[in-house]
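K.L.:
Below is one structure. I have some questions about it.
The values are calculated or read from the model by the stated rules, or taken from the named source; none is laboratory data. Keep in mind that what you see is a predicted model, and the values were worked out from it rather than measured. As a convention, Cβ positions derive from the backbone with ideal geometry for all residues, glycine included, and neighbour counts pool all protein chains shown. Just the protein is used for accessible areas: all its heavy atoms, side chains included, with ligands, DNA and RNA removed. Shrake-Rupley method; radii C 1.70, N 1.55, O 1.52, S 1.80 Å.
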Amino acid sequence: MYIYLLEILKYQQNLKNLVIAIDGPAASGKSTTSKLVAKDLGLLYVDTGAMYRAMTLKVLQSKIYIESEEEISHLAQNTNIRLEQNEDQVKVFLDNKDVSKAIRSQAVTKAVSAVSSIKKVREVMVREQRRMGERGGIVLDGRDIGTIVFPDADLKIFMIADVKERARRRQKDLEIEGENVDIERLVEEIIERDRKDSKRNISPLCKADDAIILDTSNLRITDQVEFIVKKAKEIIAKR
Ligand code: DC
């Protein structure tokens, strides 16, 4: 009995220290999956894309030219972005204002790759992401989590999916938000965003050598979640 209790405590301690990095291209299902994985394991979830989106919204609202690296760098150092996790929702606050919906607009989606390629913006965001994850017990999704933010993460997943399928998923999300966008246009936008995110000089989107590829083209969300949760539990069991 005593040993059994110790085992449970050890398991919980290991779970609390766990860092799970989930990277991948646009609309590959990272955030939906990560949120559910975090919920299942009782970990904190951080949507790092939402942070770059909030920063981009601020740039657009401030009417600064997207090419103006110096001004955007200055702005990034004077911006407060906060993520709040409720039961099933993650709310995003930009300078204390709830922008959870506004950051999903087409205007932000179009400009976000340019803003997130700026060195100072990345420095500010990565510093904050590392601070949130320093004690572990966290699932982060993004483009550079397994390569740059937490290169020593316990579990790294690289999610991919067929571009048509990704466009369909994005179209559904936009419909829920009341925006109707043509599927072909979304395919083009996703390809273009992936191209920019992969080709940038600083922390480009790429798979970490030790990341597991998870192709979600034909998977249900529950299967994706189950796969990652199982891997996480295997890691803890081995400790
Ligand atoms: O995951 P998402 O589509 O919400 O991300 C929006 C953009 O933010 C994405 O096109 C690139 C950028 N991003 C990044 O550069 N690094 C991250 N860790 C997460 C997102």
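K.L.:
Figure the gain on full extension for Lys119 and Lys199 (residue separation times 0.36 nm, minus the Cα-Cα span) and round it to one decimal in nm.
P.N.:
Length difference between fully extended and current span is 27.4 nm.
K.L.:
What's the Cα-based Rg to Rh of the chain, Rh via Kirkwood?
P.N.:
Rounded to two decimals, Rg/Rh equals 0.98.
K.L.:
Still on this structure, please answer the following. Using all C-alpha to C-alpha distances in the stretch 64-166, build P(r) with 5 Å bins and read off the rounded percent in each one.
P.N.:
Pair shares across the bins are 2, 9, 16, 21, 25, 16, 9, 2.
K.L.:
Cα-Cα pairs above 17 Å in the stretch 1-133: how many percent?
P.N.:
Percentage above 17 Å: 63.
K.L.:
I would also like to ask the following. For the chain, what does the relative contact order come out to in percent, with C-alpha contacts under 8 Å and a separation of six or more?
P.N.:
RCO, the chain: 32 percent.
K.L.:
Another question, if that's okay. For the stretch 8-78, which GluC sites (Glu not before Pro) are in a loop by DSSP, counting at most 13 other Cβ atoms within 10 Å?
P.N.:
Glu67
K.L.:
In the stretch 1-149, carbon and sulfur make up what percent of the accessible area (probe 1.4 Å)?
P.N.:
Carbon and sulfur atoms account for 52 percent of the accessible area of the stretch 1-149.
K.L.:
Let me ask you something else. Show me the ranking of peptides 216-225, 145-154 by mean Cβ neighbours inside 10 Å, starting with the highest.
P.N.:
Per-residue mean Cβ counts within 10 Å order the peptides as 145-154, 216-225.
K.L.:
With a 1.4 Å probe and all protein chains left in place, how much accessible area per residue does the chain have, in Å²?
P.N.:
Using a 1.4 Å probe on heavy atoms only, each residue of the chain averages 54 Å².
K.L.:
I would also like to ask the following. As I understand it, the value is the acute angle between the Cα axis of helix 48-61 and the longest principal axis of the Cα atoms of the chain; what does it come to in degrees, rounded to 10?
P.N.:
20 degrees
K.L.:
Peptides 135-143, 194-202: what's the order by average Cβ count within 10 Å, highest mean first?
P.N.:
Most protected by this proxy first, the peptides run 135-143, 194-202.
K.L.:
Sticking with this structure for a sec: Could you give the distance between the Cα centres of the stretch 201-230 and the stretch 148-193, to the whole Å?
P.N.:
Cα centroid of the stretch 201-230 versus Cα centroid of the stretch 148-193: 13 Å apart.
K.L.:
Please report the antiparallel percentage of DSSP beta bridges with both residues in the chain, rounded to the nearest 5.
P.N.:
If we restrict to bridges inside the chain, about 30 percent are antiparallel.
K.L.:
Lysine pairs, Cα distance under 24 Å, 8 or more residues apart or cross-chain: how many in the stretch 1-95?
P.N.:
The result is 11.
K.L.:
Moving on. Can you tell me the order of 83-94, 108-119 when each peptide is scored by its average per-residue count of other Cβ atoms within 10 angstrom, highest first?
P.N.:
108-119, 83-94
K.L.:
I would also like to ask the following. With n ≥ 4 as the cut-off for DSSP H runs, can you work out [θ] at 222 nm for the chain, using -39500 (n - 2.57) per run divided by the number of residues, rounded to the nearest 500?
P.N.:
-16500 deg cm²/dmol
K.L.:
Considering the alpha-carbon set of the stretch 1-45 alone, what are its Rg and its Dmax in angstrom?
P.N.:
Cα only, the stretch 1-45: 14.4, 48 Å (Rg, Dmax).
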